[in-house]
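Below is one structure, written out as structure tokens; comments come after it.
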Amino acid sequence: MPNLPHNIWVHVAQYLPALFLQDLITVNRSFFEIAMDCRYRQLILAYMDSRMVKNLVRLRDPAVAKRVQVLHIYPGFLPQSNSAPLLFDQAKPECMASKRSFRTILTDIANSLLEQRTFPSRHPKYRMMQSLRKQEDVVQVVSDVLAGLPNVTDYYVTWYGLPTVTSSPAPFVASALRPNLRKLSLNLSLENVQSILSSDTQITRLEELHLCIHSETVCNDQERTYILQHHLAPAICRFRSTLKTLVIESWEPTDLSPLFANIERIPVLDDLCINIPVERCHLGDPAGVSGFLKKHQSTLRCLRLRATQYGGRGLAPDLCSLHEWISEATEKVELPKLRELDISSNLFPTDTSLLCLKRFSRTLTSSTMTGVYRSYEQVVQALDNFLMPESGFSDSPATKEVKGNNLKRLRIGPVSLSPQLVDLIASRIPELRRLELLVRDILPGATDASSSALFLKDELPTHFTLVLVLITGGVLHGDGDAAISGLAVGASVNRH
């Protein structure tokens, strides 16, 4: 055991069943430390039940609190008001004294006296339950516990559809915002931003920030714009010296252009994910996203685009409007440092993904296009965009460095697998080293393509890795096994 680092043992222990992990505690001190670190590495505080109370008691011990690294909190355990009873205050069903014998009444009295005499002195969990009677009691206890977690690096907060932070006795969720925090994920209502991300937040090493904004409770457009401009944007700017990954998502169609316009340039940002609602308005004025991309054209190496539909007035996505919005947002945007483009959504129109691919393919070494089924002809169109990227961009030194077809990794699907499809990709992208296909079905030959003169074995790369992921419900058409065995000679096939 001394030959391997402790974190590797903890990683291995995460794959063990809970009961087996519990048995490790009694083996020796080394396994005790491994089991305890694995047991308390991730903590979830969501609903006030006996398990949460047990965790609150144990986390008061610094030897246990120091093991927590990942923290999830959803304040569903807060009562709506101080007068609302908690789980432990639920009234017992009334029983008529006339229906109970004198002996039963004496037994109940004796048990009650025994509990009052024994439990407070021997069971901290019982004392904790007795102290959690009001909302302010819950907030104080949880706040003290969160403030005593010194090694939390990943913090996930979900706060929407609940009372706002300002209406609570204290913004206790901010107690865990420590200087060594590396990742922060906020899924919250817009009105809670000011209280959680206040100006006195002491975070100095944040590298990842995930934002999912719920703005349905802020009906006034001026108030929404004010919060975005004067609270959320400055909060993001405070992390600009260390922030490398940024995810921005809106639960419903909302104008976030004031947010994008007021975020200063983040000098080390290299990974950006934007989730776009499919209904009209999307994220507001596309010039906001366009300007934000241009601000970071010298640093962005990975761009991820998603189409989402979580909330909104209707259920039918407006794909034409989405295509126009993305077209305007990416028009005349040049990202010379971009190496990876990831478009993974079943709501993202095929034509829109091809448009993005055409505009950014000049510098790509990795690309992901999944979610929508692509026919053989649509795969051909996608490959044509790699070979003939959109013209009109300046040939900057960074662009000239990787200009041409340098794609090393491609993930695409769902598709219909055939030997011709693999040969096509291999011949069009000779530098490809890893191909991942999400397979919907398997065909013995591509439609109208089996006799094409394009598939020349001599032009295939000497070796590349082919990963096949057969989607649930996928079927074989005709001689499917022969289709797999007829794949390109140079490919190393891994079936998943």
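The values are calculated or read from the model by the stated rules, or taken from the named source; none is laboratory data. Everything numeric here is computed off the predicted structure, so don't read it as measured data. Here the Cβ is made from the backbone with ideal geometry for all residues, glycine too, and neighbour counts use every protein chain on show. Calculation scope for accessible area: heavy atoms of the full protein, side chains included, ligands and nucleic acids excluded. Shrake-Rupley method; radii C 1.70, N 1.55, O 1.52, S 1.80 Å.
Students often get this wrong, so check it: of 337/358; 244/358; 183/337; 332/358; 183/294; 332/408, which have C-alpha atoms separated by over 21 Å?
Where the Cα-Cα span goes over 21 Å, the pairs concerned are 244/358; 183/337; 183/294; 332/408.
Residue 198 versus residue 46, label points 7 Å from Cα toward the beta carbon: distance in nm?
Inter-label distance under the simple model: 2.9 nm.
Under a point spin-label approximation (7 Å from Cα along Cα-to-Cβ), what is the residue 310-residue 109 distance to one decimal in nm?
5.7 nm
Treat each spin label as a single point 7 Å out from the Cα along the C-beta direction, and report the residue 28 to residue 207 distance in nm.
Label-label distance for residue 28 and residue 207, simple model: 3.3 nm.
Which percent of the accessible heavy-atom area of region 241-387 goes to carbon and sulfur, probe 1.4 angstrom?
Result for region 241-387: 49 percent of the exposed heavy-atom area is carbon or sulfur.
What shape does region 274-379 take by its C-alpha gyration tensor, where a ≥ b ≥ c are the square roots of the eigenvalues and a/c under 1.5 counts as rounded, a/b above b/c as prolate, and the rest as oblate?
oblate
Around residue 436, which amide H atoms from residues at least 5 apart in sequence, or from another chain, sit under 5 Å from its own amide H, with H modelled in the peptide plane?
410, 411, 412, 467
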